[in-house]
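Below is one structure, written out as structure tokens, with a few remarks after it.
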Amino acid sequence: MRLKVDRLTKVYKGGQGIRDLKLELKAGEITALTGANGAGKSTLLRLLTKEEEPTSGMIDWCGDETVNVMPDELQFPPELRAGEVIHLLAALKKLPASEEERVLRRVGLYDVRVQKVSRFSKGMRQRLNLAQCLLGPATLLLLDEPTNALDVEWIARLQDILEEERALGKTILFTTHLERFAEEAADRIVKL
């Protein structure tokens, strides 16, 4: 088991975030969080990444986990080229250039790596967001609405990528409002 959440609650002034959530993530499992807008999917990821503190409850990391995160939206400096973005992030993680090429090829952006991010479509920026999440070793991947702005072909490719990551022994938790994608890509669905 990688992660256990017990009676996790996050309350905001304007309303409820999450109440008494129980969840266990097991090694090598893909879990989808589904639910309506405002159900607490993104809130849970912010709690897991310690961007926010819970009102009450427990988050128990079972072991020494390395976590890579794909936020719902990640703003890249528009003047940078896609290859420069990945190069900077790889340098921070002390990764070789071969790792940069590998992730850019996986998300179909290697051939456009010299284009400025400002020229990218929303779908291309989302794939760059996915690339940064896949950069370097991790035992747990947290992806917030990874299908946003992706076309049908890339949603199918995302499913393949998640399966490839699981085959490497990674545990994956993603949020989605697409029920069909959750059913096809995940081992287990948790509805919030």
(request) Give me the percent of the accessible area of segment 111-192 that comes from carbon and sulfur atoms, probe 1.4 Å, all protein chains in place. (result) 50 percent
(message) Show me the ranking of peptides 151-163, 11-23 by mean Cβ neighbours inside 10 Å, starting with the highest.
(response) 151-163, 11-23
(request) Only loop residues by DSSP count here, and only those with at most 16 other Cβ atoms within 10 Å; note down the GluC sites (Glu not before Pro) in segment 70-142 that meet that. (result) Glu73, Glu79
(request) Report the calculated FRET efficiency for Ala156 and Arg7 (r = Cβ-Cβ distance, R0 = 45 Å), to the nearest 0.05. (result) 0.75
(message) Tell me the relative contact order for the chain as a rounded percent, counting alpha carbon contacts under 8 Å between residues six or more apart.
(response) 32 percent
(message) Probe radius 1.4 Å, ligands and nucleic acids ignored: give me the carbon and sulfur share of the accessible area of segment 26-103 as a rounded percent.
(response) 53 percent
(request) Give me the number: length gained by fully extending Ser121 to Glu179, i.e. 0.36 nm times residue separation minus the C-alpha to C-alpha distance, one decimal in nm. (result) 18.4 nm
(request) Identify the trypsin sites (Lys or Arg not before Pro) of segment 46-117 meeting these criteria: DSSP loop state and at most 14 other C-beta atoms within 10 Å of the C-beta. (result) Lys50, Lys93, Lys94
(request) Starting from segment 17-54, pick out the GluC sites (Glu not before Pro) whose DSSP state is loop and whose Cβ has at most 13 other Cβ atoms within 10 Å. (result) Glu51
(request) Output the peptides 34-41, 167-174, 122-129, 62-69 sorted from most to least packed, where packing is the average of other Cβ atoms within 10 Å over each peptide's residues. (result) 122-129, 167-174, 34-41, 62-69
(request) Compute, for Ser118, the solvent-accessible surface of its heavy atoms (probe 1.4 Å) with the complete set of protein chains present, and express it in square angstrom to the nearest 10. (result) 70 Å²
(message) Once you place label points 7 Å from the Cα toward the Cβ at Asn37 and Glu53, how far apart are they in nm?
(response) 3.1 nm
(request) May I ask you to give the solvent-accessible area per residue for the chain, in square angstrom, as obtained with a 1.4 angstrom probe? (result) 51 Å²
(request) Go through Ile161, Leu178, Leu143 and say which Cα lies farthest out towards the positive end of the charge dipole of segment 127-192; charges sit on Cβ, +1 for Lys and Arg, -1 for Asp and Glu. (result) Leu143
(message) As a quick test, which of the pairs Lys22/Lys93; Lys94/Lys122; Lys22/Lys122; Lys93/Lys191; Lys41/Lys170 have an alpha carbon distance above 31 angstrom in this structure?
(response) Lys22/Lys93; Lys22/Lys122; Lys93/Lys191
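The values are calculated or read from the model by the stated rules, or taken from the named source; none is laboratory data. These numbers come from a predicted model, not from an experiment. Glycine also receives a Cβ, built like all others from the backbone with ideal geometry; neighbour counts cover every protein chain displayed. Accessible surface is based on the protein model in full, side chains and every heavy atom, while ligands, DNA and RNA are left aside. Shrake-Rupley method; radii C 1.70, N 1.55, O 1.52, S 1.80 Å.
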